[in-house]
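The values are calculated or read from the model by the stated rules, or taken from the named source; none is laboratory data. Quick caveat: nothing in here was measured; it's all calculated off a predicted structure. Glycine gets a Cβ as well: all are built from the backbone with ideal geometry, and neighbour counts include every protein chain shown.
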Amino acid sequence: MESPEEMLSPRAATIAPSELPTFSPAVRTALFDYLLRLGDDRLILGHRLSEWCGHGPILEEDLAIGNVSLDLIGHAQAFLALAGRVEGKERDEDRLTFFRGEREFRNIKLSELPRGDFAFTIARQFLFDSYAALLMEKLQSCRFPELAGLAAKTLKEDTYHLRHSAQWVLRLGDGTLESHAKVQAAFNDLWAYSGEAFVADEVELLLAKELGIPDPSSLKAVWVERVSALLKEATLQVPADCFMHTGGRKGLHTEYLGKLLAEMQIVPRSYPDARW
Amino acid sequence: MVVPPVEAVQSILSQVMDPEIPVMSVLDMGIIREVRWDEAEGALHIEITPTYSGCPAMKVIEDDVTSALMKAGFPRVLTHRRYSPPWTTDWMSSEGKEKLRAYGIAPPGLAAESLIGINQKRKKVACPFCRSEKTELRSEFGATACKSFYYCAECCQPFEFFKPI
């Protein structure tokens, strides 16, 4: 039986991860921002999904949503850890998660919307999973090997998430009058938030050129095709083209993010020197 | 204490069990990727590939691996998480898969054969208790992200299925 001192002392440390390739300052800045985007999309959505814990409509979905949430937070941990190393200012994934303010988060607004009812959660998850799996599929061939490796790993889990959310869209859409109405209303409400992920700005354009990262605007057509096909099979209407919200990638968020961060960050911010 | 030879690591790690599935060792799980003794540093380096990104057992596994090796006499043990190539159920040992079945968890088939598209028909999963294929999926995710939740209509027992990935 170890003494308390033995248990607290850092007996094992992780080895310093492999050296990063040399990046030009412009690429390094863009890459840091991009990795925050990848991490924050999942961190914020993972947090939202965790709000279902103990409140699921049925036990199986309480477990399923909880597990998807865990996976997403695990992905965020990996992307944010890499972001911190690229930034080179000794911010690890915890520092980035708990001590950044609202304007520094780079997630799309789709991730931060409240959880809503089960139909809303499933519809949002399906739209996100369709995007996420497609992005990781393309990202695994980028020219930054460590990121390509993370993408390959993330894709496998995203595929299971997509299977889960797509099956539920089918069941709810091609379900009862009530489930059909609720999930249709959810897609109608969410549609205006679905375009943000596919807008390319100077960050992605530079990284597409230098590191072979996929230009998000090139993903849109495939995403629309896949999502439309599934919605039609679920006997749902594909919402009409409309104005698309943006701003999240630049730190301009909805009123919901501030409250989410307050809840997520309150403990470490209140006791910044606490040690577990 | 005399430092054991690197060859001893294998048998030491065969006694370090997965905290969630206590019949499987970390070697059965196929998560130990590399073992390296650095003479200059006097340190043993262990590279571990996480099964699932959000696996909450990772920290416990790293601590258990370190603890077991230090108790055996290695003065310094450093663990490292390696994400690439990603972990696949194909890395599980066949003895491990049989241990899963005996424990009541249906083991995964080959990853390539089993990973299916959204609408593809699922491969039938045999009940680990009665071997019947009259089984149905109850949830894509079970008690942990790596397992699905099934029910056997033949012997009327629920069971978990370790998903191929």
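Determine if region A:62-71 includes at least one residue that is more than 20 Å from B:Glu140 (Cα to Cα) and touching a residue at least 12 places away in the same chain (Cβ under 8 Å). Taking every residue of region A:62-71 in turn, none turns out to be more than 20 Å from B:Glu140 (Cα to Cα) and touching a residue at least 12 places away in the same chain (Cβ under 8 Å). Here is a check on your reading of the model: is A:Arg48 in contact with a Leu (Cβ under 9 Å, 6 or more places away or on another chain), basic (Lys, Arg) and within 13 Å of another protein chain (Cβ to nearest Cβ)? Considered against the rule, which asks whether it is in contact with a Leu (Cβ under 9 Å, 6 or more places away or on another chain), basic (Lys, Arg) and within 13 Å of another protein chain (Cβ to nearest Cβ), A:Arg48 comes out as no. Selection over region B:25-37 of residues that are part of a strand (DSSP E or B) and not basic (Lys, Arg) gives a count of 5. Residues that are in contact with an Asp or Glu (Cβ under 8 Å, 6 or more places away or on another chain) and among the aromatic types (Phe, Trp, Tyr) do not occur anywhere in region A:235-255.
Scan (1) more than 14 Å from every other protein chain (Cβ to nearest Cβ); (2) more than 23 Å from A:Pro272 (Cα to Cα); (3) of a type outside the set (Asp, Glu) for the single condition A:Lys89 breaks and write down its number. Single failed check for A:Lys89: (2). Pairs are defined by a Cβ separation below 8 Å, a sequence spacing of at least 6 or placement on different chains, a first member in region A:162-188 that is farther than 22 Å from B:Gly117 by Cα, and a second member that is crowded, with 23+ Cβ neighbours inside 10 Å and of a type in the set (Lys, Arg); the pairs so defined are A:Ala186/A:Arg124.
If you go through region A:127-155 and keep only what is of a type in the set (A, V, I, L, M, F, W, C) and either in contact (Cβ under 8 Å) with a residue 60 or more places away in the chain or surrounded by fewer than 17 Cβ atoms within 10 Å (Cβ to Cβ) (or both), you end up with A:Leu127, A:Phe128, A:Ala132, A:Leu134, A:Leu135, A:Leu139, A:Cys142, A:Phe144, A:Leu147, A:Leu150. On the stretch given as region B:38-57, residues that are part of a strand (DSSP E or B) and at pLDDT 90 or above total 6. Criterion first (farther than 23 Å from B:Pro164 by Cα, acidic (Asp, Glu) and either within 14 Å of chain A (Cβ to nearest Cβ) or out of contact with any Pro (no Cβ under 6 Å at 6 or more places or on another chain) (or both)) does B:Asp38 satisfy it? It is true that B:Asp38 is farther than 23 Å from B:Pro164 by Cα, acidic (Asp, Glu) and either within 14 Å of chain A (Cβ to nearest Cβ) or out of contact with any Pro (no Cβ under 6 Å at 6 or more places or on another chain) (or both). For region B:50-96, filtering for residues that are over 21 Å from A:Ile73 (Cα atoms), among the basic types (Lys, Arg) and at the interface with another protein chain (Cβ under 9 Å from one of its Cβ atoms) leaves 1.
Can you confirm whether A:Ala229 is of a type in the set (A, V, I, L, M, F, W, C) and free of Cβ contacts under 8 Å to residues at least 24 places away in the same chain? When the stated conditions are applied, A:Ala229 passes them. Looking only at residues in region B:4-24 that are in contact (Cβ under 8 Å) with a residue 60 or more places away in the chain and not in a loop (DSSP other than H, G, I, E, B), the one that is nearest to B:Gly104 (Cα to Cα) is B:Ile12.
Name the one entry in B:Arg76, B:Arg101 that is of a type in the set (Lys, Arg) and in the same structural domain as B:Ser132 (by TED's automatic domain parsing).
The conditions single out B:Arg101.
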